[in-house]
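Reviewing the structure listed below.
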Amino acid sequence: MRSFSSLVAWLLTVLAGIVTVPLLWVSSHVAQEDGYVEFSSQLAMDDELQVAFADYLADDFVQRGVLPRRLEDVAASALAAVARTTTNQPGFVEAWEQTQRSLHRSAFSDASGPLTVDVSPMAQFVTDRVDKDLPVSLRVPQDLTVSIGSASDRDRLQAVPQSTTFGLLGLLVVIVAGVTSLLSARSRPLAVAALGVGALVVAGVVRFASSEIAPRLVDEAKDENAFARTVQRLLVDRASDSLAGWLEWIAIGGAVAIVVGLVARLATGRRAS
């Protein structure tokens, strides 16, 4: 009976861990505005994002009649070149962070409809440095918003603010179930090793979900512009990389627990003999 109780508690520990680790990451990197801005600021240096933004901006200038269509490709190339060469200039990352604050506030406001982001700070920063290279003057609207997600995406994000509460509850379940598994086991050293295996399982499952399943879901989503798809894909990629750092420590802890448990088991077996 004790072994069965220990096994059930171990399974609960693993299942709760698989759910809790992503929840805690979302709580610190997405639910909090400052945490999200700090996390997403690394995208400002990405070449793919800069090209996608430049293409969108050039197309917007054409659609508003500011830029002749024959100059669209030239403008897009110039905007992308400026974005690449000014990443280290004061104000570049700050302009991007302003756009991300706009996206975060749009996502978690009481508004309805598609998710939008105000890219005018970034657009103004870039166009101020490219005007001299074009035969026309580019004007950026004060409120240049881009649809970055659908209304259904907004609805799905409404549960994100609760990630802290559910993450802490999940952590409590992990601790209680883990201790229960350890105390109810017939062999404590083997229980420690089993918890280590559980940590490896959690790390492996969460890593697979974040690096394989999540990107596929983003690729299957249908958005109205390439810039939105690029931002979503890059955010998922960076989230997977960031979460991988947590998972590495969980895996290391699991490996240590396995070694400690097995060594302790061997030691107690020798003393018993």
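The values are calculated or read from the model by the stated rules, or taken from the named source; none is laboratory data. Computed from a predicted structure; not experimentally measured. Cβ coordinates were reconstructed from backbone atoms using ideal geometry, including for glycine residues, and neighbour counts include every protein chain displayed. Only protein heavy atoms, including side chains, enter the accessible area calculation; ligands, DNA and RNA are left aside. Shrake-Rupley method; radii C 1.70, N 1.55, O 1.52, S 1.80 Å.
Kindly indicate which of Val197, Val218 is within 30 Å of Leu262 (Cα to Cα) and either in contact (Cβ under 8 Å) with a residue 40 or more places away in the chain or of a type in the set (A, V, I, L, M, F, W, C) (or both).
Val197
Just name the residue that is farthest from Leu43 (Cα to Cα) out of those in the range 226-253 that are over 13 Å from the mean Cα position of the chain (by Cα) and surrounded by fewer than 16 Cβ atoms within 10 Å (Cβ to Cβ).
Our first condition is that a residue be over 13 Å from the mean Cα position of the chain (by Cα); within the range 226-253, this holds for 226-230, 247-253.
Within this subset, residues satisfying the condition of being surrounded by fewer than 16 Cβ atoms within 10 Å (Cβ to Cβ) are 226, 248-249, 252-253.
Working: Ala226: 16, Glu248: 23, Trp249: 24, Ile252: 28, Gly253: 30 Å.
Selected residue: Gly253.
Give the residues of the range 95-109 that are in a helix (DSSP H, G or I), out of contact with any Asp or Glu (no Cβ under 7 Å at 6 or more places or on another chain) and either of a type in the set (Phe, Trp, Tyr) or over 16 Å from Phe53 (Cα atoms) (or both), sorted by residue number.
Hits for the range 95-109 are Trp96, Arg105, Ser106, Ala107.
When you scan the range 197-211, do you find a residue that is of a type in the set (Lys, Arg), within 22 Å of the chain's Cα centre (by Cα), in a helix (DSSP H, G or I) and modelled with pLDDT of 85 or more, even just one?
Step one: filter the range 197-211 for residues of a type in the set (Lys, Arg), giving 207.
Narrowing the set further to residues that are within 22 Å of the chain's Cα centre (by Cα) leaves 207.
Next cut, in a helix (DSSP H, G or I) only: 207.
With modelled with pLDDT of 85 or more added as a condition, the list becomes 207.
Looking for residues that are of a type in the set (Lys, Arg), within 22 Å of the chain's Cα centre (by Cα), in a helix (DSSP H, G or I) and modelled with pLDDT of 85 or more, one finds at least one in the range 197-211, hence yes.
Search the range 110-128 for residues being in a loop (DSSP other than H, G, I, E, B) and hydrophobic (A, V, I, L, M, F, W, C), and hand back the single one that is nearest to the chain's Cα centre (by Cα).
Among them, the one singled out is Val119.
Output the qualifying pairs, or none if there are none: Cβ atoms under 6 angstrom, residues six or more apart or on different chains, first residue in the range 1-21 and under 25 Å from Thr165 (Cβ atoms), second residue open to solvent by 40 Å² or more (accessible area, probe 1.4 Å) and assigned to a helix (DSSP H, G or I).
Within 6 Å, the pairs are Ala9/Thr180; Val14/Val201; Ala16/Val173; Ile18/Val205; Thr20/Leu171.
Step by step: first the residues of the range 142-157, then only those that are touching a helix residue (DSSP H, G or I) at 6+ places or on another chain (Cβ under 9 Å) and either open to solvent by 90 Å² or more (accessible area, probe 1.4 Å) or part of a helix (DSSP H, G or I) (or both), then the one that is farthest from Ala228 (Cα to Cα). Which residue is that?
Selected residue: Gln142.
Select from the range 185-196 the residues that are part of a helix (DSSP H, G or I) and either touching a Cys at 6+ places or on another chain (Cβ under 6 Å) or open to solvent by 40 Å² or more (accessible area, probe 1.4 Å) (or both) and list them in ascending order.
Arg188, Leu190, Val192, Leu195
Please go through the range 1-32 and give me each residue that is part of a helix (DSSP H, G or I) and closer than 15 Å to Ala239 by Cα, ordered by number. Before you say what the answer is, go through the steps one by one.
Quick first cut of the range 1-32, residues part of a helix (DSSP H, G or I) only: 2-31.
Within the range 1-32, Val21, Pro22, Leu23, Leu24, Trp25, Val26, Ser27, Ser28, His29, Val30, Ala31 qualify.
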